[in-house]
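Derivation of every value follows stated rules applied to the coordinates shown; laboratory data play no part. Predicted model, so just to flag it, every value in this text is computed and none were measured. Note that each Cβ is placed from the backbone with ideal geometry, even for glycine, and that neighbours are counted across all protein chains shown.
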2 protein chains.
Amino acid sequence: MSLQENAPSLAVVGVTGAVGQEFLSVLSDRDFPYRSIKMLASKRSAGKQLSFQDRNYTIEELTAESFDGIDIALFSAGGSISKQFGPVAVEKGAVVVDNSSAFRMNEGIPLVIPEVNPEAMEGIKVGMGKGALIANPNCSTIICLMAATPLHRHAKVQRMVVSTYQAASGAGAAAMEELELQTREVLEGKPPTCKIFKQQYAFNLFSHNAPVLSNGYNEEEMKLVKETQKIWNDMNVQVTATCIRVPVMRAHAESVNLQFEKPLDEDTAKDILKKASGVVVIDDRASNHFPTPLGVSNKDDVAVGRIRRDVSQEGNHGIPSRLDIFVCGDQIRKGAALNAFR
Amino acid sequence: MSLQENAPSLAVVGVTGAVGQEFLSVLSDRDFPYRSIKMLASKRSAGKQLSFQDRNYTIEELTAESFDGIDIALFSAGGSISKQFGPVAVEKGAVVVDNSSAFRMNEGIPLVIPEVNPEAMEGIKVGMGKGALIANPNCSTIICLMAATPLHRHAKVQRMVVSTYQAASGAGAAAMEELELQTREVLEGKPPTCKIFKQQYAFNLFSHNAPVLSNGYNEEEMKLVKETQKIWNDMNVQVTATCIRVPVMRAHAESVNLQFEKPLDEDTAKDILKKASGVVVIDDRASNHFPTPLGVSNKDDVAVGRIRRDVSQEGNHGIPSRLDIFVCGDQIRKGAALNAFR
């Protein structure tokens, strides 16, 4: 029973979405203690019933008054909702964990992966009536840095080249439904319905649908660049990324090439990753068993494998300080909901 | 009409496979002249009928005698067949174009992408009774180098970091069928049939199924490394690759990070690629329109887009000599069949 008298009062903003639902699921799985929970969504969903941990809730419309007496507010209803209501909730004394990109790069707002930079949250206390806002990084950043940070701590990453394989889940529940619908249509020889994405997604892949900036990178890619620098508190770390949407239902994968300042060999890297919190190493070369999106779906840990000395070392004066790794993580669970709770 | 008295006599080895069928389709589309054509396959398919360009053919069982009087033999029946019968065909005076990996890295065997290194075929003449073997590179190498070579010629590639998104087609017709079957099964809530691949492929992805070597790279990845060095005739070019199988039916995609010896800016790179033979630039940032596997399926050209200055330049003394690109190419058509014909 997670209902406790002295535990914090919660509000889940965007409770009908994929991340909102996963927030509830994580609350439940972790047996997270709370004294009350407010289910908030848009006017459209208000009044609907929702059952959670053997209790029935009525979904309420999100308004400024929603946050009266709330200790922790979990936002996952998009950037504009966060911008409008996040500061209101903070003003009313809530600690806001915001899953949108609205405040991530703002100075003074902690951008936190609990396993990576918990120190950024120092001084923030729940239930003292002193509001604060904590930003949840983008899911691709979380998944990448869960694996890269333990290595970074050991040998300092100078440069990272990332290529992503991003699932439908990253674009929300409607995108997952569209992938399924399109796949059925294509298998029946019908033209695919393109509503969420402007092109066929079934049996296809495409450059991430985020807007492309003037430097040729899309916003998703620049999040990986900028958020890494902020989370590692290192403006000199070099990152480049290519973000691709693949017809996978849930969980992202990333191919990451790492260049370190100090020498780091393959075996040491494996040992470091095996000991890292929230990381599981799946790296069985003999049976060709490595991380997959399906394998990490609904799992808390980020899986890393294909850990190997990069054969392209020669230009670096022969010092073995480059590694290739392949990372998979459940975008919704670890990449969004779970990250808020550690 | 491509039947011509003085044109070469052809043999297609592995005519029932995906690449074999595409060989025929390219022959037809290109109106390639020939005086006769022998359809060869295993004993299992021998005797079956096949219609091509309004003529009926009986598929014959492959034997040493198959190559009597053959000028050009196109092999796409796997490495062991090539090893067994390739030298026989050469001995009998045929020019063999081999699509397998059997001879690719052998010294003295030209490894050719016609747009990239036609000079490697110098001295080889068809129909003179002097046999020769030309190896067709691996499809991932062809697709990557079609885009990278024009840039390499201009500014010399020092290092390439490649991540692939490889379609079912790369594993043959049966793999494409398995992807379709599995997808139907998963949509019906049934367990997926795993015969070709040992794990679920539908709505999933996994590290390429090629055997993993002692250095941690799989064979597919090392082909990209070694074949690039051979084709560019540059043993110092550094390449690393991570090869991933994605649930796309046909055509491969590759995310490529390029580091050049000389400065190369984005606009110059685009101009070079627009002028390159066999390459089409699809790079519309405003409408987020870039190459896709579906867009290049059944197309001769390799499509390149997402051409941009790599933002991670600082460690390189600020010289803009790194670019990111995204390449798509039809693995069967350009990556195998078409490459043999230029």
Inset, instruction - Mind giving me the FRET efficiency for B:LYS130 and A:ASP267? R0 is 41 Å, r the Cβ-Cβ distance, nearest 0.05 is fine. - result: 0.20
Inset, instruction - Name the long-range amide H neighbours of B:GLU60: under 5 Å, sequence gap of 5 or more, or other chain; modelled H, no Pro or chain starts. - result: B:MET39, B:LEU40, B:ALA41, B:GLY47
Inset, instruction - Every other copy gets compared here: list the nm distances from the B:GLY129 label point (7 Å along Cα to Cβ) to its counterparts, shortest first, one decimal. - result: 10.5
Inset, instruction - Taking each label point as 7 Å beyond Cα in the direction of the beta carbon, state the distances from A:ALA173 to the same residue in the other copies, shortest first, in nm. - result: 4.4
Inset, instruction - Please work out the Cα center distance from the range A:13-30 to the range B:217-235, rounded to the nearest Å. - result: 47 Å
Inset, instruction - Treating only the Cβ atoms of Lys and Arg (+1) and Asp and Glu (-1) as charged, compute the dipole magnitude of the protein assembly as shown about its Cα centre; round to the nearest 20 debye. - result: 80 debye
Inset, instruction - Name the residue, out of A:SER312, A:SER207, A:SER163, whose mean-square fluctuation peaks in a Gaussian network model built on chain A with Cα pairs under 10 Å. - result: A:SER312
Inset, instruction - Run the numbers on chain B and let me know its relative contact order in percent, using alpha-carbon pairs under 8 Å that are six or more apart. - result: 17 percent
Inset, instruction - List A:GLU119, A:GLU254, B:GLU22 from most exposed to least, where exposure is judged by having the fewest other Cβ atoms within 10 Å. - result: A:GLU119, B:GLU22, A:GLU254
Inset, instruction - Could you list which residues have their amide H under 5 Å from that of B:ARG308, counting only those 5 or more apart in sequence or on another chain, with H placed in the peptide plane? - result: B:ASP324
Inset, instruction - May I ask for the distance between the Cα centers of the range B:179-198 and the range A:59-77, given as a whole number of Å? - result: 43 Å
Inset, instruction - Treat every Asp and Glu Cβ in the range B:9-136 as -1 and every Lys and Arg Cβ as +1, leave all other atoms uncharged, and give the resulting dipole magnitude about the Cα centre to the nearest 20 debye. - result: 360 debye
Inset, instruction - Step through the residues of the range A:188-195 one at a time and calculate ³J(HN,Hα) from phi using the Karplus curve (6.51 cos²θ - 1.76 cosθ + 1.60, θ = phi - 60°), rounding each to whole Hz and writing x for Gly and Pro. - result: 8, x, 8, x, x, 6, 10, 10
Inset, instruction - Taking the Cβ of B:ALA171 as the centre, find all other residues whose Cβ is under 14 Å away and add up their charges (Lys, Arg: +1; Asp, Glu: -1). - result: -1
Legend entry - Nearest-to-axis residue of chain B, judged by beta-carbon position, where the axis maps B onto A, in Å: B:SER163, 2
Inset, instruction - Can you list the distances in nanometres, one decimal and ascending, from the B:LYS198 label point to the identical position in each other copy, with the point 7 Å along Cα to Cβ? - result: 4.3
Inset, instruction - Work out from phi, with θ = phi - 60° and the Karplus expression 6.51 cos²θ - 1.76 cosθ + 1.60, the ³J(HN,Hα) of each residue of the range B:121-135, listed in order in whole Hz, and give x for Gly and Pro. - result: 8, 3, x, 8, 10, 8, x, 9, x, 9, x, 7, 10, 10, 9
Inset, instruction - List the relative contact order of the range A:9-136 as a percent without decimals, with contacts defined as Cα pairs under 8 Å and 6+ residues apart. - result: 22 percent
Legend entry - Amide H contacts under 5 Å for B:VAL281, placed H, 5+ residues apart: B:VAL304
Inset, instruction - Note down the nm distance, to one decimal, between modelled labels 7 Å out along Cα→Cβ at B:ALA46 and at A:GLN84. - result: 7.5 nm
Legend entry - Restraint check, B:LYS38/B:LYS195; A:LYS198/B:LYS299; B:LYS156/B:LYS223; A:LYS195/B:LYS195; A:LYS125/A:LYS274; A:LYS198/A:LYS230, Cα-Cα greater than 24 Å: B:LYS38/B:LYS195; A:LYS195/B:LYS195; A:LYS125/A:LYS274; A:LYS198/A:LYS230
Inset, instruction - Please work out the FRET efficiency for the pair B:THR193 and B:SER25, using the Cβ-Cβ distance as r and a Förster radius of 35 Å; give the result to the nearest 0.05. - result: 0.75
Legend entry - Structure-based [θ]222 nm, chain A - -39500 (n - 2.57) summed over DSSP H runs of at least 4, per residue, nearest 500: -7500 deg cm²/dmol
Legend entry - Stretch gain in nm, segment B:ASN6-B:ARG55, where the contour uses 0.36 nm per residue and the Cα spacing is subtracted: 15.8 nm
Inset, instruction - Could you go through the range B:249-257 in sequence order and give the Karplus-derived ³J(HN,Hα) for each residue, using 6.51 cos²θ - 1.76 cosθ + 1.60 with θ = phi - 60°, rounded to whole Hz, and x for Gly and Pro? - result: 6, 8, 5, 9, 10, 9, 9, 10, 9
